[in-house]
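Notes to accompany the following structure.
The values are calculated or read from the model by the stated rules, or taken from the named source; none is laboratory data. Predicted model only: the values in this text are computed from it and were never measured. Every residue, glycine among them, receives a Cβ derived from its backbone with ideal geometry; neighbour counts consider all protein chains shown. Areas reflect the complete protein model, heavy atoms only, side chains present, ligands, DNA and RNA absent. Shrake-Rupley method; radii C 1.70, N 1.55, O 1.52, S 1.80 Å.
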Amino acid sequence: MSTQDLLAKIGQSTEETEFYTPMPPGYRKGHHKYVVVVGTVISGLGKGIFASSLAKLMQDKGLRVAPIKMEGYYNVDSGTLNPYRHGEVFVLDDGMETDMDLGTYERLLDQDLSAANFTTNGQIMSSVLKKEREGSYLGRDVQAIPHVTGEIKLRLRELAVKSNADVVFVEVGGTVGDYETMHYLEACRQLAFEEGEGAVVFVALTYILEPNAVGEQKSKAAQLGIKRLMEVGIMPHIIACRATREVREKVREKISMYTNVPMRRVVSMHDLDSIYLIPDALRDVGIDREVLTLLDLHERVNQRHEDQARLRWRWFVDRIGVNKKSVTLAVTGKYVALRDAYASIIKAAEHCSVHLGVDVQLRWLDTTMIDADNVAKRLADVQGIIVPGGFGIRGTEGKIECIRYARENKMPYLGLCLGFQMAVIEFARNVCGLKEANSTEFETNCKHPVIDILPEQKKIEGLGGNMRLGGKDIELKQGSLVSKLFDNARMTRLRFRHRYEVDPTYIKQLEDKGMIFSGKHPTQPIMQVLELPQSMHPYFVGTQAHPELTSRPLRPSPLFMGFVKAAAEFANRHAGGSSSPSQSRKPEPQPV
Ligand code: GLN
């Protein structure tokens with residue numbers, strides 16, 4: 001039997017074989033390699049940061065890398081998850097709503113990802129059940145092994161083909177031993193066997209405890225965690241030890257002795273000042289070269305590519321924390337208690353900080369506590385305001401007060417999605433005199449629904465009442481502040497996640513009073529970016545999009561760059577006192 005016939009046979013579920021390993025067309029065995037990163041001991045150690053840093057090192061060498069995050073939950077995507085529990089929903093260009101870790105990969109790799117880079121139990125099970133209903137399993141009883149694991153391996157190989165990857169980086173969610181992710185580990189074990197020697201590297205990310213009462217680093221939890229991994233048939237090739245302080249040699253020796261992993265592959269991954277320092281830290285301990293050796297990839301390395309990539313990265317890393325100025329920006333958000341809910345905004349601000357040499361402090365404001373009487377006090381010593389995305393009415397009136405304050409006091413303003421809509425409502429109420437302007441999201445029968453779900457848009461987009469999701473082109477108005485920020489480009493592309501729009505019947509009234517819609521859908525009456533003219537305000541910009549999602553260390557978001565620059569100028573103008581522009585006031589303690 002030829003290899004092709006054999007592959008075709010084990011790719012089907014039949015009575016003749018216990019194997020079930022469907023292969024996507026175009027799969028090149030031996031060409032595509034895998035690095036599987038699993039967590040032991042505890043979750044939340046930064047598996048995604050580790051995996052993306054290692055992937056970056058490989059990418060710098062000229063290799064094509066493709067990450068995939070495999071989630072243990074049964075939701076089909078992250079769209080319905082509460083950001084309180086799971087952090088922000090990260091939207092990809094193709095509209096897939098994913099875990100915030102995908103943001104880490106996109107930022108570190110400077111690469112747009114797609115639905116192929118993200119899977120959940122919900123997706124895997126949906127595919128399996130669909131195939132079962134279609135009769136694809138040919139009378140077999142459908143089982144975790146081989147059918148569910150077969151589906152998982154298919155996902156990994158499909159990604160390898162689609163991205164023509166030299167190395168697929170697989171991040172398995174949760175920690176070893178979790179019921180939810182056992183089948184992922186089993187699939188990866190099978191994958192390693194099927195792909196053969198030198199094709200799959202397993203990395204265990206573990207944790208070294210240093211209890212205060214003991215006063216020294218202890219390796220026992222790490223050993224037990226790795227034992228757990230061995231119990232499911234996986235011998236790690238590399239062990240990365242997370243710790244607060246550098247892991248001592250003796251502790252690494254102990255781990256090496258208990259796991260058969262040589263010392264050069266048991267590395268310390270202790271806390272650093274910035275996650276952007278991790279790629280170089282991994283390189284310094286030689287992990288990149290170990291992976292090349294284990295996967296037999298030395299010959300694919302492009303040295304020139306690596307030298308250039310490293311120079312560019314050094315430029316960025318060397319500027320971290322080198323600041324000539326400092327600004328404090330208020331972020332009004334519903335989930336003020338959980339910073340992960342705004343991870344990309346924090347990152348976008350960080351990128352600008354490095355590029356502009358400005359220390360950017362974010363101050364979180366719960367707008368449910370803000371009204372016309374106390375807004376000036378609350379915003380006393382900030383130099384800019386961001387109203388980020390959000391859903392639901394809670395805190396919206398406070399947001400409108402903040403926006404009014406920013407507009408009237410020429411304090412830089414950046415509205416993101418909901419912040420764009422709120423800026424339209426504020427302007428309609430306080431400048432156009434439409435006192436009862438609102439969004440139908442908050443007041444179904446309001447007199448002036450300047451923000452609404454439009455029947456014609458439902459038709460146009462073909463989305464019904466659903467979200468408008470993913471990357472969309474935006475036509476920029478020539479000569480506007482925003483088009484200048486985008487280097488006078490005619491078009492740009494940003495990511496969206498919303499339902500409501502500016503009602504086109506109000507556009508003329510808004511424009512007559514000065515509002516400029518500087519970014520629009522190229523063919524439909526959908527307003528995507530707004531600004532106020534320079535004669536009215538130095539930097540008042542809102543966008544229906546989420547520019548924070550596509551800000552990258554070496555390519556920061558132009559809208560954030562303009563905003564932080566304007567905030568620094570605002571700070572200069574108001575230097576010499578903590579009082580803010582229109583009234584003098586004492587700063588008071590801020591809510592978290
Ligand atoms: N709730 C608003 C809408 O659905 C804004 C959404 C958002 O900020 N992501 O249109």
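List of remarks:
Residue by residue, here is whether (1) under 22 Å from GLN217 (Cα atoms); (2) hydrophobic (A, V, I, L, M, F, W, C) holds:
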{"position": "SER268", "(1), (2)": "yes, no"}
{"position": "ILE275", "(1), (2)": "no, yes"}
{"position": "VAL291", "(1), (2)": "no, yes"}
{"position": "ARG300", "(1), (2)": "no, no"}
{"position": "TRP315", "(1), (2)": "no, yes"}
{"position": "VAL322", "(1), (2)": "no, yes"}
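- Within the set ILE386, ILE425, the sole residue that is more than 10 Å from the ligand (Cβ to nearest atom), open to solvent by less than 10 Å² (accessible area, probe 1.4 Å) and in a helix (DSSP H, G or I) turns out to be ILE425.
- One residue stands out in region 94-126 among those that are closer than 15 Å to PRO67 by Cβ, of a type outside the set (A, V, I, L, M, F, W, C) and in contact with a Ser or Thr (Cβ under 7 Å, 6 or more places away or on another chain): the one that is surrounded by the most Cβ atoms within 10 Å (Cβ to Cβ), namely TYR105.
- Criterion (β-branched (Val, Ile, Thr), outside the structural domain of LEU554 (by TED's automatic domain parsing) and within 15 Å of THR40 (Cα to Cα)) met by exactly one of VAL266, VAL285, VAL247: VAL266
- Within region 215-246, if we keep just the residues that are under 16 Å from GLN190 (Cα atoms) and not in a loop (DSSP other than H, G, I, E, B), the residue that is most open to solvent (accessible area, probe 1.4 Å) turns out to be GLU231.
- For the residues ASN466, ASN445, ASN438, ASN430, the requirement of being out of contact with any Leu (no Cβ under 9 Å at 6 or more places or on another chain) and crowded, with 22+ Cβ neighbours inside 10 Å singles out ASN438.
- Within region 520-562, if we keep just the residues that are polar (S, T, N, Q) and either at positive phi or not in a loop (DSSP other than H, G, I, E, B) (or both), the residue that is nearest to the ligand (Cβ to nearest atom) turns out to be THR543.
- Some residue of region 569-579 being of a type in the set (Lys, Arg), at pLDDT 95 or above and surrounded by fewer than 14 Cβ atoms within 10 Å (Cβ to Cβ): no
- Scanning region 254-285 for residues that are open to solvent by less than 10 Å² (accessible area, probe 1.4 Å) and out of contact with any strand residue (DSSP E or B) (no Cβ under 6 Å at 6 or more places or on another chain) gives THR259, TYR276, PRO279, LEU282.
- Matching entry among ASN82, ASN75 (being free of Cβ contacts under 8 Å to residues at least 24 places away in the same chain, open to solvent by 20 Å² or more (accessible area, probe 1.4 Å) and outside the structural domain of PHE496 (by TED's automatic domain parsing)): ASN82
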